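To keep things clear, I will list the structure first and then write my remarks on it.
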Amino acid sequence: MRALVLTEHGEFNNFTLEPHFPDPICGEHQVLIKVHSTSLNYHDLYTMRGILGFNLSLPIICGLDVAGEILHIGSKVSGYTPGDRVLINPHDSDCDRLLGESQHGGLAQFCAVHANQLFLIPENVHYDDAACLPAAFATAHRMLVTIGKIKPGERVFILGASGGVGISALLLSKMLGAEVIVAAGSQEKLDRLKELGADHLINYRRQHFEEVIWNMFGKPERLSGQGGVDVVINFTGGSTWTPSLKCLRKGGRLLNCGATAGFQAETDLRYLYTYELNILGANGWTAEDIQQLLTYVSEDRLKPVIDRKVSLENTVAALEALDSRNILGKIVVNVV
């Protein structure tokens, strides 16, 4: 089969497009998938550079988010038939393996996974849209909906809003009826986020975002509870952490699922107890999060944003664009 194979940890030149990589073997509890669409994630870059905290078995085929068609079913698999359109949960909970990291992923013509990782794709949902859902959208869904419990009318401030999880958080927040404030580093990105539904825009390179929030909604007050926002979504960490706390109203919630700008963030504890703040962490996603997202897309309540679609041959250039943050939305690789 054709496959984009990572042969060594390092940079982009360690990917090789193999025309005759061995086809995956379908085990008795597995299904063999003909890959139609795979979306790229920053996790693919982490795998490439070997910065996941442990050594991976190489060579490896990257690609977490995979949608395709069942070609073959293992002898102990029931409930599926060849031809079924399916989305794969990247996390195999039975053996704690991640697609595209500790088992071959979707940047190839075929992929073999356990049947417990499958979701049937509704007929009105395109493979490309389905492939956008598992990592970024499901992470955002767990953070905002399952744990954060965003309510209609709440004010939600999203840091890092132009990335995969950030855009997912924007779309989900608007779907839930929230008033959304976004922060990004360029006017071009802010204009695009406005088109996607953002109500208020902040250029964090030119403005102190906490001061902009105070000017918009008032500085949070301890006694009246007025001012500030209800929710801050911060998966950047680093120097943005304490300013994020300063944006929250009394009883507000800070939602976190990562630390892209640094995990050793200083916390001014005075804001926690003075304003009775809630810090809620979210780690990854569950099958229920992915299934709910498929329902949203099927019901036309949610539409993933796709920056571009590329072939398997052009995937390395697409990964370079992802690395440079020169995108807004998901990159989908069309394998067939």
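The values are calculated or read from the model by the stated rules, or taken from the named source; none is laboratory data. Remember, predicted model here, so these are calculated numbers, not experimental data. Cβ: placed from backbone, ideal geometry, glycine included. Neighbour counts: every protein chain shown. Only protein heavy atoms, including side chains, enter the accessible area calculation; ligands, DNA and RNA are left aside. Shrake-Rupley method; radii C 1.70, N 1.55, O 1.52, S 1.80 Å.
Below, the figures for the structure above:
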read-out	value
Per-residue SASA entry for H91, accessible area with 1.4 Å probe, Å² rounded to 10	70
25 Å Cα cut-off, lysine pairs counted over region 187-336 (separation 8 or more, or different chains)	13
Sum of side-chain charges, N314 neighbourhood, beta-carbon under 14 Å (Lys, Arg +1; Asp, Glu -1)	0
Antiparallel content of DSSP bridges confined to the chain, in %, to 5	55
Whole-Hz couplings from phi, Karplus 6.51/-1.76/1.60, listed for region 103-112; x for Gly and Pro	8, 4, x, x, 8, 6, 5, 9, 8, 10
Long-range amide H partners of D84 with built H, under 5 Å	I70
1.4 Å probe accessible area per residue over the chain, in Å²	44
Value of [θ]222 nm, deg cm²/dmol, for the chain, DSSP H segments ≥ 4, -39500 (n - 2.57) each, nearest 500	-6500 deg cm²/dmol
Calculated from backbone phi, Karplus (6.51, -1.76, 1.60) coupling profile of region 91-97 in Hz, x at Gly/Pro	9, 8, 5, 5, 10, 6, 10
Listed residues T315, N215, N334: farthest to the positive end of the dipole of region 195-336 (Cβ charges)	N215
Percent carbon-and-sulfur accessible area, the chain, ignoring ligands, DNA and RNA, probe 1.4 Å	48
Under 5 Å, built H, 5+ apart or other chain: amide partners of H36	A67, G68, E69
Per-residue HN-Hα couplings for region 226-232 [Karplus 6.51, -1.76, 1.60; θ = phi - 60°; Hz; x = Gly/Pro]	7, x, x, 10, 6, 9, 10
Relative frequency of Cα-Cα separations exceeding 38 Å in the chain, percent	18
Dipole magnitude of region 6-97 about its Cα centre (Cβ charges: Lys, Arg +1; Asp, Glu -1), debye to nearest 20	100
Point-to-point label distance, T146-R325, nm (Cα→Cβ direction, 7 Å offset)	2.7
